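Undergrad: I'd like to ask some things about the structure below.
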Amino acid sequence: MNTTTALLIFARTASEESKHKSFKASEAFFRYQNKKLLELAKTSGLDYFWVDESHQIGENFAQRYLNAIQFVFEKDYEQVISIGNDSPGLSLDQINQSVQLLKSRDMCFGPSQDGGFYLWGVKKAFFKKEEFQNFPWKTQNLLSVILTTLEQQSISVDYLQTLGDLDFREDAQHLLKNTKLSFTLKDILLQMINPKQNVLSLFQPHLKSKFTDVYYNKGSPKSCLIQTF
């Protein structure tokens with residue numbers, strides 16, 4: 001077990017996230033994501049900390065996020081890997097890769113398509129909270145500004161694959177192109193695009209051509225209880 005590296009999940013509860021998103025099915029999306037992240041954390045082999053809105057401290061996003069990382073470092077960890085809950089493509093592979101990258105690099109990033117990042121791995125010796133507060137957080141040039149600054153300071157950096165995230169309703173269409181997403185998540189994304197559509201409609205042309213004479217009854221939807229985080 002890795003006892004020098006901790007995983008930080010910096011994410012609001014699903015109900016709180018939905019208050020900041022204007023699209024349909026946002027609460028269902030973040031409920032699904034939060035459950036998935038908890039499962040990833042438990043199987044990662046790392047100590048992990050979940051910091052939601054009830055434990056975040058600061059007047060703006062930068063302060064709350066950086067304070068959360070500082071909080072974990074104060075628990076005597078040498079490395080922190082932080083992740084959020086808006087990138088469905090995030091898997092255990094990226095977490096494991098970041099652990100390996102930090103063995104030879106000072107930091108690592110998982111870039112997101114909007115110009116930010118979905119994962120940040122950083123060593124304690126290179127975490128400068130006061131300086132990092134001045135970065136242009138929540139903007140599309142965040143990562144490029146960070147990387148320019150780190151290069152000037154000769155801080156070594158490596159990268160994971162770029163993933164898409166979900167900030168707006170339009171992002172759901174792009175995320176649906178990821179064939180590795182689960183059936184449940186694809187259905188949630190489709191509900192964002194068109195509340196009257198469900199994931200089975202993606203397969204209807206194929207089903208009709210192959211089973212034209214077969215009676216198909218999808219039955220009543222089954223209800224399920226997903227814990228809210």
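Undergrad: Which condition number in (1) surrounded by 15 or more Cβ atoms within 10 Å (Cβ to Cβ); (2) modelled with pLDDT of 95 or more is the one that K103 fails?
TA: (1)
Undergrad: Scan region 18-38 and give yes if some residue there is over 18 Å from L90 (Cβ atoms) and modelled with pLDDT of 90 or more, otherwise no.
TA: Looking through region 18-38, none of the residues is over 18 Å from L90 (Cβ atoms) and modelled with pLDDT of 90 or more.
Undergrad: Another one. For S154, are the conditions met, namely being modelled with pLDDT of 95 or more, under 26 Å from S91 (Cα atoms) and surrounded by fewer than 15 Cβ atoms within 10 Å (Cβ to Cβ)?
TA: Judged against the criteria, S154 is not a match.
Undergrad: Which condition breaks for I188 when tested against (1) β-branched (V, I, T); (2) closer than 30 Å to K35 by Cβ; (3) more than 20 Å from the chain's Cα centre (by Cα); (4) modelled with pLDDT of 60 or more?
TA: For I188, the exception is condition (3).
Undergrad: If you don't mind, there's one more thing I want to ask. Grab the helices (runs of 4 or more DSSP H) fully contained in region 109-190, keeping just those with 3 or more residues being over 22 Å from F73 (Cα atoms).
TA: Helices (runs of 4 or more DSSP H) meeting the threshold: 142-152, 171-175.
Undergrad: Which one of the conditions (1) of a type in the set (S, T, Y); (2) touching an Asp or Glu at 6+ places or on another chain (Cβ under 6 Å); (3) within 18 Å of N2 (Cβ to Cβ) does S87 fail to meet, given that it meets all the rest?
TA: For S87, the exception is condition (3).
Undergrad: May I pose another question? Would it be correct to say that F168 is in contact (Cβ under 8 Å) with a residue 12 or more places away in the chain and exposed (fewer than 14 other Cβ atoms within 10 Å of the Cβ)?
TA: yes
Undergrad: Something else now. Which ones in region 84-109 are over 11 Å from L40 (Cβ atoms) and among the β-branched types (V, I, T)?
TA: The one that is over 11 Å from L40 (Cβ atoms) and among the β-branched types (V, I, T): V99.
Undergrad: How do the pairs read when you match residues in region 142-155 that are closer than 15 Å to D106 by Cα with residues anywhere that are assigned to a loop (DSSP other than H, G, I, E, B), using Cβ under 6 Å and keeping only pairs 6 or more apart or on different chains?
TA: Taking only residues 6 or more apart or on different chains, the pairs are I146/F135; I155/D106.
Undergrad: Restricting to region 73-87, name every residue that is over 18 Å from E39 (Cα atoms) and touching a residue at least 40 places away in the same chain (Cβ under 8 Å).
TA: F73, K75, Y77, E78, Q79, V80
The values are calculated or read from the model by the stated rules, or taken from the named source; none is laboratory data. All values reported here derive from a predicted model rather than from experimental measurement. Glycine also receives a Cβ, built like all others from the backbone with ideal geometry; neighbour counts cover every protein chain displayed.
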